[in-house]
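The structure appears right after this line, and notes come after that.
The values are calculated or read from the model by the stated rules, or taken from the named source; none is laboratory data. The model shown is predicted, which means the values in this text are computed figures rather than measured ones. Using ideal geometry, Cβ is built from the backbone for each residue, glycine included, and neighbour counts are taken over all protein chains shown. SASA here: full protein model, heavy atoms, side chains in, ligands and nucleic acids out. Shrake-Rupley method; radii C 1.70, N 1.55, O 1.52, S 1.80 Å.
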Amino acid sequence: MSEKMEDKALLAHEEDLEKRGILDWLRAHTSFLKPLHRYEGELTLEEDRLIFEGEDTKEDKDYRKEIRRDDVTEVYHGFDDSFRRREDRSIGIRFKPLRVNYKENDKERTMYFVTDFSRLTRGSNNDEWFKALREWTEGE
């Protein structure tokens, strides 16, 4: 990878989705509101790490997460048992979440991204990010 990639992003960890309430669900199903997420910020892909830097919207504080390339175990583009199609009002027609599984402190963790989300079209840049992350994880 020769140059870094950056985009605005929404992020939720698997445990955030498991703890979601009815208000979170309603927000995700209201026109012009964003998909389920807890963090808003900037996603950056560098040669050896994936960095999310932004804000924890529930606790109103800064949030930063760095994942080394060697710690990423899977990249998946689509819905699963935690982030289901029914979680968004477009039921997956306009965007699919980007899932990154990684190792942290000997545990498998999961986080979901929606990059460059458009409230108007409910589209995202996740296709491009999925391709870039697949190439990145297959690199040396």
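Given a 1.4 Å probe and heavy atoms of the protein chains only, how would you sort H37, H13, largest accessible area at the top?
Ranked list, largest accessible area first: H37, H13.
At 7 Å along Cα-to-Cβ for each site, give me the label-to-label distance between D56 and K103 in nm.
2.6 nm
Going through the cross-link list K4/K96; K19/K103; K65/K103; K4/K65; K58/K96, which pairs have a Cα-Cα distance over 18 Å in this structure?
Exceeds cut-off: K4/K96; K19/K103; K58/K96.
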